[in-house]
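These notes are about the structure you will find just below.
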Amino acid sequence: MDIHEYQAREIFRRAGIPVPPGEVASTSAEVRQIADGLGGAVVVKAQVHAGGRGKAGGVKLAKSPAEAGSHAAEILGMRIKGLTVERVLVTPAEDIVSEAYLGVLIDRANHAPLFIASRAGGIDIEEVARKTPEKVRRLHVDPRYGLLPHQAYWIADFLYDDPSHIQQGARIVGQLWRAFREAGASMAEINPLIVTPRGEVKAIDAKVSIDDNELFRKPDIAKYRDTSSEPAAERQAREAGLSYVKLDGDVGCCVNGAGLAMATMDLVHHYGAEPANFLDIGGSSNPDKVVTALQIITSDPSVKVILFNIFGGITRCDDVANGIVEATRRIQIDIPIVIRLTGTNEQLALRILEDAGFTAYTSMDEVVKEAVGLTRAA
Amino acid sequence: MSILIDERTRLAVQGITGRDGSFHATQMMEYGTRVVAGVVPGKGGTTFAGPRDQRVPIFNSMDEAVRESGANTSVVYVPPAFAAQAIMEAADAGVGLVVAITEGVPVLDMARVHAFMRDKGVRLVGPNCPGLISPGKCKVGILPGQIVAPGPVGVISRSGTLTYEAVYHLTNAQLGQTTCVGIGGDPLVGTSFVDCLEAFSNDPETRAIVIIGEIGGTDEQEAARFVKEHIEVPVVGFVAGQTAPPGRRMGHAGAIISGGSGTAAEKIRAFEDAGIAVARRPAEIAQMIGSALRH
């Protein structure tokens, strides 16, 4: 789960990381008031779940409260990568002597959290790591012991020359580890970590992603979910326990299992059309789930045909067929539905579907070709 | 032969009284798996009623289960909040293989578990996986027993139903399997493609291998390197998620293209560079294995 910068700052602050003051606002009048209270120049930052906010014009420096207000008026309501900006963060503009990068994420290949640090801050760390690996220090944290003090120092010592900066930096490395662990993060990043003219090391940006599997035991973090930035269909799917991702094509896909769902999307593309979505309905034959899935798929107006691809393993095909027939009786669907079922009891399932007036298939290639053809006819 | 599980497997089912645990314990017993113990804290001394009047003793702890029943393998069906401790408990009790079916285990829990398992020298398959099946001998997990058949093909996959799809085609084409392993869809899994490839390379009866990968991570790229250097039998690969958008999780916690890396295209390229025949459609997998074995 992605969270906003202002929420990530709260997590950082709770872990002790020095973060400049700042407040969130949703109107330009509020922004002016906050800027007035902070005094001096401020930065107005769009709060959306998208990278590249600066380039998109979503981060602006203001020398006065009036200017902050007018920047906010521009940024609020702006669309960045398809997301509407509904809130901005207002923080004091900091004078910067140097910028560094500090982040921690899960390294899949090594089964361990990985710290990444670089003196080159404020930039794309993946590019720095690729082009100039010598400018990056990496440290795997052994999950049995956690981050050890000398390891935090080793990272800070790479970032700074001045002993006071190293000391402050080492403390922040430890605090970032604590923030990462306590929030159940999959990634936590300070970019940039700055040194001010007064010699203070501070985090002037905060980015945290949460491991979805942690949410059940972190109610305070789960509250950070911003449903306004989540498409309605994705929200409905999540609440129904279905896994759905909207895509740009016109073949609505309803599949059991994530791998088979991806393979179905790929096959739609292979035969010349594009999938409208990823949707995994899971292993159940429950008609309620099928109804919800059909509602979600048909809420997308670009869908021209609905394609079911079900492999009946433990769940028997005839059960799934009955579930589909029952669901389509309960709700009105105005576009063609094509169904492929294979596996346990497939012949029985085909009869159930044909008796209910559906065209049913056992071959994945055949049904996808049929669905692709129907998008052209529609 | 087969890898990881066979007729010598003596299985303990952790969470045998839960909805999934009880259903699949019955299915495994019907398939012929020797389920010798159930483990549910607080229910020790009772029994689980399996098919054909078979009764399985239930123990409070894995330690007791291993001592009393001689279990050498365990399968975990407990909820995500307790899965990590159940896996470590099984490793401590002395089994050689733990298969974790549970989906939704926090990644930081799993990082600790993997370190623990390495220290103990115990193999973990999963979590968030369908388990394994050695056709005609043993099944551990949730794979449907009726779609497999004994034969010469080793199958490894990160997915569930997509594996069933591929295996079903293989079986229908008279291409049976030595063992099918679902390694799981999480970002951190205990057994990698490379671990399975290594095991298959030591199994003389495995005469061809299918690798079913998907977007996210670099397990396929590492598998490609291993195949190039160590595998002599024909290998057919498939990668799901060519049309998946970057930055979005596609159902499985580990199926995500992040920072432009983990794409299907780069995995397919790695397979091809290693001489692995790449199927473009799931139905091609069995055709390609069939023609490789005829040569």
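Bear in mind that the values in this text are calculations on the coordinates, not laboratory data. Predicted model only: the values in this text are computed from it and were never measured. Counting neighbours? That spans all protein chains shown, and the Cβs are built from the backbone with ideal geometry, glycine included.
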Which of A:A327, A:S186, A:Q7 sits farthest toward the positive end of the charge dipole of chain A, with +1 on the Cβ of Lys and Arg and -1 on the Cβ of Asp and Glu?
-> A:Q7
Run the quick spin-label model on A:Q236 and A:F216: label points 7 Å from Cα toward the beta carbon, then report their separation in nm to one decimal.
-> 2.6
Is there a pair in A:K246/A:K304; A:K45/A:K135; A:K81/B:K267; A:K218/B:K120; A:K55/A:K81; B:K228/B:K267 whose C-alpha atoms are over 20 Å apart, and which pairs would that be?
-> A:K45/A:K135; A:K81/B:K267; A:K218/B:K120
Find how many whole Å separate the alpha carbon centroid of segment A:153-212 from the alpha carbon centroid of segment A:105-150.
-> 12
With charges only on Cβ, +1 for K and R and -1 for D and E, what is the dipole size of segment B:229-295 about its Cα centre, in debye, rounded to 20?
-> 360
Relative contact order %, chain A, counting alpha carbon pairs below 8 Å whose residues are six or more apart | 13
Please provide three numbers in whole Å: the alpha-carbon extents of segment A:98-222 along the principal axes, with the largest listed first.
-> 43, 31, 27
Alpha-carbon centroids, segment A:336-378 and segment A:251-322: separation in whole Å = 12
Here segment A:115-131 yields Karplus 3J(HN,Hα) values (6.51, -1.76, 1.60; θ = phi - 60°; whole Hz; Gly and Pro given as x) of 8, 10, 9, 8, 6, 8, x, x, 10, 7, 5, 5, 5, 4, 5, 6, 7
Karplus-derived HN-Hα couplings along segment A:18-31 (A = 6.51, B = -1.76, C = 1.60, θ = phi - 60°), whole Hz, x at Gly and Pro | x, 10, x, x, x, 9, 9, 9, 10, 9, 5, 5, 4, 4
When the Kirkwood radius is taken over all Cα pairs of segment A:22-92, what Stokes-Einstein diffusion coefficient follows at 10 °C and 1.306 mPa s, in µm²/s?
-> 139
In segment B:169-231, the GluC sites (Glu not before Pro) that sit in a DSSP loop and have at most 15 other Cβ atoms within 10 Å of their own Cβ are B:E205
If you place +1 on the Cβ of every Lys and Arg, -1 on the Cβ of every Asp and Glu, and leave all else neutral, what size is the dipole of segment B:144-294 about its Cα centre, to the nearest 20 Debye?
-> 440
Considering amide H positions built from the backbone, and no H for Pro or chain starts, which residues 5 or more places from A:M78, or on another chain, come under 5 Å of its amide H?
-> A:V85
Using only Cα atoms, find the angle between the long axis of helix A:5-14 and the longest principal axis of chain A, and express it within 0 to 90 degrees, rounded to the nearest 10.
-> 60
For the Cα atoms of chain A, what angle does the longest principal axis make with the long axis of helix A:65-75, in degrees from 0 to 90, nearest 10?
-> 20
Quick one: which of A:259-268, B:248-257 comes out on top by average Cβ neighbours within 10 Å, and what's the full order, highest first?
-> A:259-268, B:248-257
Please work out the Kirkwood hydrodynamic radius for segment B:20-122, using every pair of different C-alpha atoms, and report it in angstroms with one decimal place.
-> 14.0
List, largest first, the extents of the alpha carbons of chain A along their principal axes, each in whole Å.
-> 79, 50, 38
Within segment A:58-83, find all residues whose amide N lies under 18 Å from a label point positioned 7 Å from the Cα of A:D36 along Cα-to-beta-carbon.
-> A:62-73
Taking amide H positions as placed 1.01 Å from N in the peptide plane, with prolines and chain starts having none, which residues 5 or more places from B:V39, or on another chain, fall under 5 Å of its amide H?
-> B:V13, B:Q14, B:G15, B:I16, B:F59
Note on chain B: the mean projected area of its alpha-carbon convex hull, in nm², is 14.4
Which three lengths, in whole Å and largest first, does segment A:232-377 cover when its Cα atoms are put on their principal axes?
-> 35, 33, 29
Compute the Kirkwood hydrodynamic radius of segment B:246-285, taking the inverse of the mean of 1/r over all pairs of distinct Cα atoms, and give it in Å to one decimal.
-> 11.5
Gyration tensor (alpha-carbon) shape descriptor, segment B:2-74, a/c threshold 1.5 = oblate
Segment B:113-158, Kirkwood Rh and Cα Rg, ratio Rg/Rh at 1.06
Would you pull out the residues with amide H under 5 Å of A:A41's amide H, same chain only if 5 or more places away, H placed 1.01 Å from N?
-> A:A93
Positive-pole candidate from A:L348, B:P57, A:L76, dipole of the protein assembly as shown, charges at beta carbon = B:P57
Using only Cα atoms, what Kirkwood radius does segment A:169-322 have, in angstroms?
-> 18.5
How high is the relative contact order of chain B, in percent, with contacts defined as C-alpha pairs under 8 Å that are six or more residues apart?
-> 14
Counting Lys +1, Arg +1, Asp -1, Glu -1, what net charge surrounds B:Q54 among other residues with beta carbon under 12 Å of its beta carbon?
-> +1
With each run of n ≥ 4 DSSP H residues scored as -39500 (n - 2.57), what mean residue ellipticity at 222 nm is computed for the protein assembly as shown after dividing by its residue count and rounding to the nearest 500 deg cm²/dmol?
-> -11500 deg cm²/dmol
Per the Debye formula with a single identical scatterer at each Cα and no solvent contribution, what log10 I(q)/I(0) holds for segment A:292-333 at q = 0.16, 0.21, 0.25 Å⁻¹?
-> -0.48, -0.76, -0.96
Taking every eigenvalue of the Cα gyration tensor of the protein assembly as shown, multiplying by 5 and rooting it, what semi-axes result, largest first, whole Å?
-> 45, 31, 23
Charged-residue dipole, Cβ positions (Lys, Arg, Asp, Glu), the protein assembly as shown about Cα centre, Debye nearest 20 = 420
Quick one: A:S228, B:S159, fewest Cβ neighbours within 10 Å first, how do they rank?
-> A:S228, B:S159
Antiparallel DSSP beta bridges within chain A, as percent of all bridges there, nearest 5 = 75
When B:M110, B:M62, A:M78, B:M29 are arranged by how many other beta-carbons sit within 10 Å of their Cβ, fewest first, they go A:M78, B:M29, B:M62, B:M110
Residues A:C253, B:C196, sorted so that the one with the fewest Cβ neighbours within 10 Å comes first = B:C196, A:C253
Relative compactness, segment A:1-157, computed as alpha-carbon Rg over 2.2 N^0.38 Å = 1.19
